[in-house]
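Please treat every number below as a calculation from the coordinates, not as lab data. Since the model is a prediction, treat every value here as computed from it, not as a measurement. Neighbour counts run over all protein chains shown; Cβ positions are idealised from the backbone, glycine included.
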Amino acid sequence: RKKENFPPDVSDGPLVSVPPPSSQLDTRDKLWRLHSALEQCHSLLERAIAKEEEELGGEEKGEYENRRKTVKDRLLFLLNHTRELLRAADGSSIFTPSLDGSELDDPATLFQLKWWVYRIFMEVKYWSQTAIAVLQELQSDTAKTPSKLSKRSARR
Amino acid sequence: MPHLPNSPTAKPNYSSVWVAFVLLGISAINTQAKIAITVPQQVSLSANFSTQQLSISWLGGEATTFDLIILRTEFNETVFYDTVSAVLNQDGGQHQWTWTSVEPLECTSLSLKVRSREGKTISEWSEPQILEGRDLPNSVKSMFPQDRTVPVGANTTFCCIVQEGKDFKSILYGSTVMNVKRLSRRSYATTAVNQNISGNSGTNVVCLSNDPSSLTGTVIFVGYPPLLSKFECETRDLIIAECQWEEGRSTNLYRKNATRYSVNERDCPERRRCTLSQWDGNWTLLAVNPLGQYSLTDSAEVSHRVHPVAPVKLTPVAHAWNATVLWEWAYSSYSSLALVCQVELASHNTMLGNFSGVGLRSAVLLDLQPDEEYKVQVRCGSQKNFWKWGDWSKALSFKTKPYVPDAPDVWMWMNRDNTGLVVWKPLTRRQSHGQIVGYKVTLWNSEENEQHTEILSPESKVLPVNLTRWASFSGDNKVIATVIAKNVEGMSQPASVLLHLIDDEPPALAQTVYTSTGFPLSWQHNDNSTCGYLVEWCNALCTRDCPVDWIRLDAGNTNISVQSADFQPGVRYNFSLYSCPSDFPVLTHRWQGYMQELAPSSSVRLEITQQGCDVVLTWEEIPLAGRRGFLLGYNVYISNGSHLTRLANLDLGTRTYTKKGLSVSIHKFTVKAYTSAGEDTGGTASIRLESCDGLILEILASLGMVTFLLATVAYFCYKKRRWVKKAFYPDIPEPKLPGDWFRTQGPLDVKPPPHSMVHIIEKPERDSSKDSLVVIPEEEEDDGEGIGDEPVDTDEPQLLRYYNQVVDERPIRPRFPDSSVSSSSSVDSANTDVTYTGIQTSCSSLVFLSDSQCSSEGFQPHTGFSVSSGDRGGGYQPQMQPVALGGNLASPEPLVEPQVVSSGGYKPQSSWLLDSPTETDEKISPPPSLGSPTSVASTQFLLPDSEEHEEERRQPSSLAAAWFTNLLSSAKP
């Protein structure tokens, strides 16, 4: 935001589409919701990188490109871990939500591309922090009732 | 023309016809004008949004100029209004004109009208034509222009169209809030002027409204059009053309805006080079980007642009002193090409050699070193029409074969006992020509043809020798040491040195001062000598089997600057110059010097002793090892609390120092030697200074003697007290005055003549000849001072002082209780040193008054010389002025008042005559009188003559002796 001089008080709607958070959701649902969001983030980020390279990519790779790759790798790492957790809990195949059709439209202008990439990074940041909270909650639940998750999974 | 009848009534008809013609003409003109100025028809607009240009075409009839007016439709603001000369399109007969808008055409709707103009004649406006903007009611929030690329320094106008029902807030250019102009109800514009170069991803221009849920903006790229230089084409294989160029300036535009290159209309995918499959001979480079284009041309024949490739497959053929390098070419076409090749040979240093030939494939390298690693590279160029050097080949390493070593550099060190060292410098890699396997040293006595041989290891560089072991060796015999180095290829040439003691009488050591280039040594050249020289040096501390270093010089050299990495600061080095070192070395010069002088590292050993009341410091020289520089002298300090106070700066030859006048206490001394670099830490010694016993003993002895003398005198006086009383304090007789003392009455004019003295008459029964007071003139004496106004009965102060001195200096003083008061009062007198003793009632020596009259009627003492007699006014009035003798007192007639007779004031003093004829003879005054008033209790002359006084001053001890003699003589019955 600082590099591109985006105003701080403007925020378009979310790019990631998941069910709204609710206190009624159990840990597995939260995990599924998190996994879905991270999946969308990863997909969006890959598209953003590709588009950015197409429209704004230069011959030389700088610090921004290196950090962007690091974010993508860590996001993929987090995504794989949530997938493994879901498999361990449910055992079934993971449903991956498809992105909303409107979001698939590529930005028409360079400014829209920049703003779109920025919003994707904000989504990644938000869902990374959410992942921390969910995983910590999951860890505390597991400590309290070690077999709770597996039992509830079996009950489903 | 119609024919008209000739009648008289016809005349008025002529004028009316004329008027009718005029009117008809005017009417015709008006009709023609109305026909030519027609309203433009079929006005059409064609907008180019990217270039912000609006093309207008219309049918304008015969008119050549037109008025155009362009308004913002919504606010009806005029954007453009001018008269233009439109171009007539010959095909359709339409007029065309193009207008470039400052603002993007999308910003708001524009209305355009045209009218024809002929001079000041204008037609009606055409129907307005409207170019719709994007600020229509159903349009969304947007910003224009999008993704524009402009040159550095350009001005760009941006507009933002806000959504229906939303309020505009601001436009940011980067982070700068811009000034905004409202174009329509929903459209706002701003202009960025003189734009700076943008970042890699362009500059964002953002439109902010009160709708925080969406962000609208655009990106603008600011850069430069292409600028190129150094475009040239060459060939590597004599067929293909390879063209290269350089970018003179970065355009700052990338990706879609990046510069596209083409050579001879063939696209070049690379930025700075392009390969063409054939040699065209003429080339044109064209560079294009959104901001412009740039082109360069080049032309050349193929033989003039040969840039050879690197030679390949280099192969060495090495020997001990030379080698041959072979190589191949990648293209067979080079076989007929005249080439010049450069061979770079690197070992310890790098050398370049040039070789040439048609299709050159080898080079012979000479002057190589045996057993040496070499690295070689080759590059070539066209020998004819040289264009540029080709690429360097890959480096090839090879090693030459070994060879016999060079002869070592041999020298010797001889001790005074005919032992010594044969030393040689280890052969360097370049001298050894291979691995050294050992040294062979032979000692040969030429006289006896006797020799010893020793084989030494390769690490050896010295052989101790003891010539005394040789039975036949004597001081005159010559022993030659020969050293031979040996490696895998064989033995070196022998190197010899003559062994004998050289420095029987070594030359004096001169000082040499180190410079940045070393120790400078210079000497006179012996023209008869054809020998070379050898300069040898070693640490000056070394005296036996010293590890010498040396350097050989050719004949004719007269100076050298000796430099060595082994030189250390603070170390003294001795340098020796030998002539003919190889045949018969002769030591001719010697020097010594320091690479860098330091302060001495050791201090003097200070010894301190007390001699009498003085303190003597002594010390020895600092050893050579501790000097670390040429000593310049010594500084002597005394410790004063925490700091040192320098007492003396002594030269180098002085190593003792005596300090006098010190108090009895503990004293601490420090002696520091110094060089040009500073002082050492100093040698320190303390001493407790004892009292000087001899002086005290002398003082005590003197005091004891004085005490003994006083006791003796006191005892004597006690034993002889009766005599003393008679001698010093007899009964005072009444004065008997000769003549008529009382002839004149009245106040006495007290002006005694100079040099008159009072002759004191002793008691009649003792000496009848002296029973009268007589004024004795001394006419011979003429001091001339104080005559007239001087008080009477005074004496010279010198004489008085003399008297006092005598009295004061004498330890024995007559003690008479009756005279003590008078005496003490006289001593207390402020302005005279006269001591009057024994005079009890007299007021003046010449004026005899009652006690009450002494001070009032009699002589008034001079204020400056007042003699205090205290309350005892009847006491003796002392003489005041030594030379105030004159006036009336000079008269032989004594002036005595009658009262004086009755007064008991004056007591005639016992007249003392010196028994010593010498003293008597020396007096100038008449012998009968000593010229001094004398107290009755005094044994002294109050007024001795000046000469006598001087004499007596010079001999106080003799006077004391005389006095004592008189005393003894007087004591005799």
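Summary of computed values
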item	result
Cα-Cα over 20 Å, subset of B:K230/B:K256; A:K30/A:K51; B:K141/B:K181; B:K113/B:K181; A:K61/A:K114	B:K230/B:K256; A:K30/A:K51; B:K113/B:K181
Calculated FRET efficiency for the pair B:Q96/B:E124, C-beta based, R₀ 22 Å, to 0.05	0.60
Test item: A:111-122 mean partner chain Cβ contacts at 10 Å	3
Equivalent ellipsoid, region B:557-609 (semi-axes from 5 times Cα gyration tensor eigenvalues, Å)	34, 16, 8
Shielding by partners - mean other protein chain Cβ count within 10 Å, residues of A:6-14	4
Extension gain (nm, one decimal) between B:S214 and B:A330, 0.36 nm per residue minus Cα-Cα	35.3 nm
Shielding by partners, peptide B:204-211 (average Cβ within 10 angstrom, other chains)	3
B:R182 long-range amide H proximity, modeled H, under 5 Å	B:A189
Inter-site label distance for B:V713 and A:A133 at 7 Å from Cα along Cβ, in nm	12.5
Net charge of Cβ neighbours under 10 Å - reference B:E597; Lys, Arg +1; Asp, Glu -1	+3
Extension reserve of the B:A154-B:V358 stretch, reckoned as 0.36 nm per residue once the Cα distance is removed	67.6 nm
Pair B:K401, A:T70: separation of 7 Å Cα→Cβ label points (nm)	6.2
Equivalent ellipsoid dimensions for region B:284-373 as semi-axes, Å, which come from the Cα gyration tensor, largest first	40, 17, 11
Full-stretch length increase - B:S602, B:E450 - with 0.36 nm per residue and alpha-carbon distance subtracted	49.8 nm
Cα-derived Rg to Rh of region B:52-147, Kirkwood definition	1.03
Net charge of Cβ neighbours under 15 Å - reference B:T512; Lys, Arg +1; Asp, Glu -1	0
Gyration tensor over alpha-carbon atoms, region B:388-484, equivalent ellipsoid semi-axes in Å	43, 12, 11
Modelled label reach - B:N526, point 7 Å along Cα→Cβ, region B:550-587 residues with backbone N closer than 13 Å	B:556, B:577-587
Overall Cα dimensions of region B:571-714, principal axis frame, Å, largest first	102, 38, 17
Over region B:334-468: Kirkwood hydrodynamic radius from C-alpha pairwise inverse distances, Å	19.1
Sum of side-chain charges, B:G683 neighbourhood, beta-carbon under 10 Å (Lys, Arg +1; Asp, Glu -1)	-1
Amide H partners (placed H, <5 Å) of B:L337, local residues excluded	B:G359
Estimated inter-spin distance, B:A510 and B:E344, nm [label 7 Å along Cα→Cβ]	4.9
